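Presented below is the structure to which this report refers.
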Amino acid sequence: QVQLVESGGGLVQAGGSLRLSCVASASTFSIHSMGWYRQVPGMQRALVASITSSGSSSYADSVKGRFTISRDNAKNTVYLQMNSLKPEDTAVYYCHTIAGYIGESSRYQYWGQGTQVTVSS
């Protein structure tokens with residue numbers, strides 16, 4: 001089992017910045033990709049950014065140039081630096097990972113509990 005613990009959400013004014021962090025506890029697992037999704041009421045959860053274990057990243061078009069995802073493999077931690085925040089970035093942000101037992105090919109996905117990000121206009 002992999003547990004993801006997020007931190008860093010909160011309330012910020014438009015144009016401001018926040019940094020989200022997510023630590024994965026996974027003693028018998030190998031962490032592969034890590035990422036962030038967000039969800040607003042009545043909408044499906046949507047990918048914000050993801051990063052592979054080798055450091056390749058991808059972003060939703062709506063956040064390109066404003067958000068930066070990074071990870072520290074030694075700490076099983078992924079970060080999301082969010083700059084130039086807009087009211088439409090308001091959502092619950094969920095950490096996500098794909099992991100597998102060390103030495104096995106099977107893959108499983110896990111979610112964090114979510115952290116609220118609110119951007120006021």
* What residues of the range 1-31 lie in the reach of a label at SER57, counting those whose backbone N is under 14 Å from a point 7 Å from the Cα along Cα→Cβ? -> 18-22
* Asked: What accessible area per residue comes out for the range 24-104, rounded to a whole number of Å², with a 1.4 Å probe?
  -> 49 Å²
* **Value of relative contact order over the chain, rounded to a whole percent, pairs C-alpha under 8 Å and six or more apart** => 36 percent
* Structure fact -> Residues meeting the amide H criterion for SER30 (H placed from the backbone, H to H distance under 5 Å, 5 or more places apart or on another chain) are GLY100, TYR101, ILE102
* **the chain - charge dipole about Cα centre, Lys and Arg +1 at Cβ, Asp and Glu -1, debye rounded to 20** => 100 debye
* **q = 0.21, 0.22 Å⁻¹: log10 I(q)/I(0) that the Debye formula gives for the range 52-121, counting C-alpha atoms only** => -1.08, -1.15
* Carbon + sulfur, % of accessible area of the chain - ligands and nucleic acids excluded, 1.4 Å -> 49 percent
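The values are calculated or read from the model by the stated rules, or taken from the named source; none is laboratory data. All values derive from a computational prediction rather than experimental measurement. All Cβ positions, even for glycine, are placed from backbone atoms using ideal geometry, and neighbour counts span all protein chains on display. In case anyone asks, the SASA skips ligands and DNA or RNA and just uses the protein heavy atoms, side chains included. Shrake-Rupley method; radii C 1.70, N 1.55, O 1.52, S 1.80 Å.
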